[in-house]
Every structure is written in C-alpha cells, then in structure tokens.
1. Sort out which residues of region B:198-245 are acidic (Asp, Glu), in contact with a Cys (Cβ under 9 Å, 6 or more places away or on another chain) and open to solvent by less than 70 Å² (accessible area, probe 1.4 Å), and write them in order of number.
2. Answer yes if at least one residue in region A:87-103 is touching a strand residue (DSSP E or B) at 6+ places or on another chain (Cβ under 6 Å), touching a residue at least 12 places away in the same chain (Cβ under 8 Å), within 12 Å of chain B (Cβ to nearest Cβ) and open to solvent by less than 20 Å² (accessible area, probe 1.4 Å), and no otherwise.
3. Inspect all residues belonging to region A:31-50 and state whether any of them is of a type in the set (D, E, K, R) and within 14 Å of chain B (Cβ to nearest Cβ).
4. Quick one: how many residues across region B:170-221 are more than 13 Å from residue B:104 (Cβ to Cβ) and part of a strand (DSSP E or B)?
5. Among the residues of region A:6-29, is any aromatic (Phe, Trp, Tyr), more than 12 Å from chain B (Cβ to nearest Cβ) and closer than 27 Å to residue A:179 by Cα?
6. Which count do you get for residues in region B:20-53 that are hydrophobic (A, V, I, L, M, F, W, C), touching a strand residue (DSSP E or B) at 6+ places or on another chain (Cβ under 9 Å) and not in a helix (DSSP H, G or I)?
7. Read through the list (1) open to solvent by 50 Å² or more (accessible area, probe 1.4 Å); (2) away from chain B (no Cβ under 14 Å); (3) within 26 Å of residue A:55 (Cα to Cα); (4) not small (Gly, Ala, Ser), then give the number of the only condition that residue A:127 fails.
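The values are calculated or read from the model by the stated rules, or taken from the named source; none is laboratory data. Not measured: the values here are computed from a predicted model. Cβ: placed from backbone, ideal geometry, glycine included. Neighbour counts: every protein chain shown. Accessible surface is based on the protein model in full, side chains and every heavy atom, while ligands, DNA and RNA are left aside. Shrake-Rupley method; radii C 1.70, N 1.55, O 1.52, S 1.80 Å.
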Protein chains: 2
Amino acid sequence: MTAYDGTSYCGFQIQNNGITIQGILNETLSEWLCEEIKTAGASRTDAGVHSRCNVVVFDTGSKIPGEKYAFGLNARLPEDIRIRYSCEVPLDFNPRAAKTVKTYCYRIQNGPFQDPIIRNNHYFCHWKLDIDRMRAAAKDLVGTHDFESFAAVGRSSPTTIRTIYDIKVEKEGEILTITVTGDGFLYNMVRIIAGTLMEIGKGNLPADAVPDMLKAKNRDASGPTAPACGLTLERIEYPDYEFDY
Amino acid sequence: MTAYDGTSYCGFQIQNNGITIQGILNETLSEWLCEEIKTAGASRTDAGVHSRCNVVVFDTGSKIPGEKYAFGLNARLPEDIRIRYSCEVPLDFNPRAAKTVKTYCYRIQNGPFQDPIIRNNHYFCHWKLDIDRMRAAAKDLVGTHDFESFAAVGRSSPTTIRTIYDIKVEKEGEILTITVTGDGFLYNMVRIIAGTLMEIGKGNLPADAVPDMLKAKNRDASGPTAPACGLTLERIEYPDYEFDY
C-alpha cells in the first residue's frame, strides 16, 4: 500500500519523459532485488495528485517474505513515497481489474489568502463557497448514474456508468473537504465533481443543476476540472479479498 | 502578517550564507519600492520552522496605503511566503520588543509509517505516545517559571523567566498536536518542551519529571530538542495595540 506526495511527479503511471511513482518503484525494486520488476497499480493518479493507499503489486522470484517489502523499500525510496503495508497476494489478484470501493478527498482552502504551509495538498479558492448549496448538489450525484458528463473527453471506458456510494462536504475553519466514495471513477471524474461543486458553491451554477448535467451525457454540461493538488486517494477496499491493513 | 512554509529556508533572520525569509522580504520590497528596505520581524524562527502569522514591519517613504502591501507583495513573493494582512502601524511599534501573547503548535504524526503528504510540517514518531502522560506533564509547565532548563545553551537572554498561559495536547487520528501559548519563548524552548513531552509520552521519562527539571535550571535536565519541521508559529497578539486582523 503506497502513500505519496504527488507534487514532484508526473503522475503514477510510468512514462518516457517524466519521473513517475511507478517508474521510481520499478527502478528501486529492480535494483534491490537484482531482477527486472514491473509493478501494477490500482489507480493511475495524475500529476500532482496524492495518495495514502495506492495498491501496487509485482511478481518476483525473491524469497523475501511479503510483509518485509514495506521496510526494505522505505529505506530505499525518496521521502515523498512511502510503503505503509506489504504482503503476499493471490497470483490472480489484479489491483486495477478487481472490484473495489475507492475513497477520494478533494481539499480546498477557502479564505482570503493562500496558506503556504498546506499549498501542495489543498486547492486555494478565495471566492466564498456556500457549503449548503454544495451539499445539496452533492446529494444528486450519489447513486448509480451514467457519469459521461463528469469524465474527461478523449479517454474511452467500456462504460461510463458508475456508482457513488457517498459524498460528504465538510468544513473546519478555512478547510473544506469533499469526500467521495464509489465503485470506481472515470478519468478526472472526482476533479470534475469538485470543480462543479465549487461553481455551485460560488453561485455561478444553480444548486439543482446536477440532474440536468447527468442527463446531458456531455462533458460541456458540467463544471471545470479542479486542479490536481487538492486531490488525494485516501482509501481502496477490495470486498472480494481479505487484506488486513 | 507573514505566513511561510519554512522547509526551504535557513530560518527567518537574514544571514550571509543562506536564503532566509527576511532576506527575501527585504529584496522583494526594495526592488518593488526602489528604495532600500530593512524589515524587522516579531519572531526569528529557525530553519525549517513554519509560520502563519509572523509580524514584520518596515519604514518606507512610499505613498502606497498600508493595506495594499499584502496584495502587492503576494504578486511578487515565491509561493511559500504569503502576506495575510498589512496595515500602517505606529512609528514606535517594535514587533520584537512589544508585549505579546504567542501561540506555537508542534505537530507529530504518531503512526507506524510516515505519511509523505504531511512530512514537511509534522514530525514523524513511530514510538507509541501516551497522551495522558503528556497532558499530565504539560500541566506542570503552565505558569510563571524560570525556564532555563528549557532553553538552548549559549544564547543569553536578560532573564529566563517566562509565563506559559496554556498547553494543550490533542490527538485526532494519528496526528498529535501540542499547542503552547505564552508571553514569549526562549531560544528552542517550544521544541525542547515538545521533545521532553514526547520522551514522557514514550515512557522514557516519568510523567511527574517536569517540576525537578524546572528546579535544576540546567539544559541537561530536560529532554531533547524536537526537530524543526513540526513547529509552526500560529498566532501573535499584541495586547497593547489594536490591529484588526
């Protein structure tokens, strides 16, 4: 289970022209175990997006017990990537294809000036956000819907139907947190939800706009994609597997 | 009122061989106002220590209204320094010499693995901390005492007597926060308090150790100096002045 501060990375997924979390994990494991390791992750988080729980698996011929990889990797990884837990998993376990319940948090600092101490994991919004309007709109997103209006264009999924189990909009001091739990998310879906709820919170869109957005099945119908820095993948559960983390 | 993420700086106070917050403020103001500006700050925070409220003053011949400096500076400063508020102050106001009530927070992540997302403003401690022992010990620090045992050696103050109005030790999830409010602090005093309370929380020192430490008037009697990254200057109040921030 991999936690990272995504600020300095070009996202999770390995690519040729940028430093990625997957790239660092592959290199670190390959060097340590003296064999070529190719990891696979549950979520391909974007550049600047953070994680407290991305689930990463790999095959190896090594005899090191599964639970020791966390300690061994943490001694070798840069300080912005940490393994919170490691164990052996069934050979057929695919962290991306298996049934999951994922929870993302989108964090907003809503105040007159940006707080530099939390700037890398909170989006700064100086427009006053009306949390009651945002909560009302969030309710309309809960359930099983076709979320085509809330997916980035150009990335095709076999289906754009997803189930959102819960959305919480909470505020403590200047910090507003949108917590979304669902069975999976389309590309940029949580950031488009956050961007849409913020437009509703500012009063730029009506609080009852969501049902029409869903009906439109068109990306143009919803709000803007909120910046990556506010987003953190907080939890992944696999209902069909028993991992004791 | 200056907020900063101290991670990349050699502390607040200007020095010849390192980038400091005061240095950046002096340079930025001097370039903007086309005159040499020398700022003075309320607190000379150490390298790696953060602030949400350091009060900084300067003299200028400029006709720019006091409240406009916040906006003008924020457009020119690096993103890890932000001015939250600016105003004209009486000519005799000295932010360091004036009577103050200061509040510092020391933040600890107490869990099995470091959370990389909050690593720059939380000290990571994997030893289990007993919050009840820490709270009991913190009570003995409240009041007017000679804090010589809780000051770094080699820095002389006219007196080592200070008043701590309140210390709160709170926990939410893995995050433990020590909030100390007082009329002023000796060099490293809050970090030594945090380091001592952590040793008591680990069980390495007795929960009733503080009175003897205070009596000893010797730095060797107290616990270690906790690392800088956990410390944030949260609030400065000037009871003799009325600033409406």
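1. Of everything in region B:198-245, just one residue is acidic (Asp, Glu), in contact with a Cys (Cβ under 9 Å, 6 or more places away or on another chain) and open to solvent by less than 70 Å² (accessible area, probe 1.4 Å), namely B:234.
2. no
3. No: zero hits.
4. Matching residues across region B:170-221 total 5.
5. The answer is yes, given that some residue of region A:6-29 is aromatic (Phe, Trp, Tyr), more than 12 Å from chain B (Cβ to nearest Cβ) and closer than 27 Å to residue A:179 by Cα.
6. In the first step, residues of region B:20-53 are kept if they are hydrophobic (A, V, I, L, M, F, W, C); the result is B:21, B:24-25, B:29, B:32-34, B:37, B:40, B:42, B:47, B:49, B:53.
If we keep only those that are touching a strand residue (DSSP E or B) at 6+ places or on another chain (Cβ under 9 Å) as well, we get B:21, B:24-25, B:40, B:42, B:49, B:53.
Add one more test, that the residue is not in a helix (DSSP H, G or I), and what stays is B:40, B:42, B:49, B:53.
Of the residues in that region, 4 qualify.
7. All conditions are met except number (3).
For every residue, the table says whether it meets (1) among the small types (Gly, Ala, Ser); (2) touching a residue at least 12 places away in the same chain (Cβ under 8 Å).
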{"site": "A:163", "(1), (2)": "no, yes"}
{"site": "A:166", "(1), (2)": "no, yes"}
{"site": "A:172", "(1), (2)": "no, no"}
{"site": "A:185", "(1), (2)": "no, yes"}
{"site": "A:190", "(1), (2)": "no, yes"}
{"site": "A:195", "(1), (2)": "yes, yes"}
{"site": "A:202", "(1), (2)": "no, yes"}
{"site": "A:205", "(1), (2)": "no, yes"}
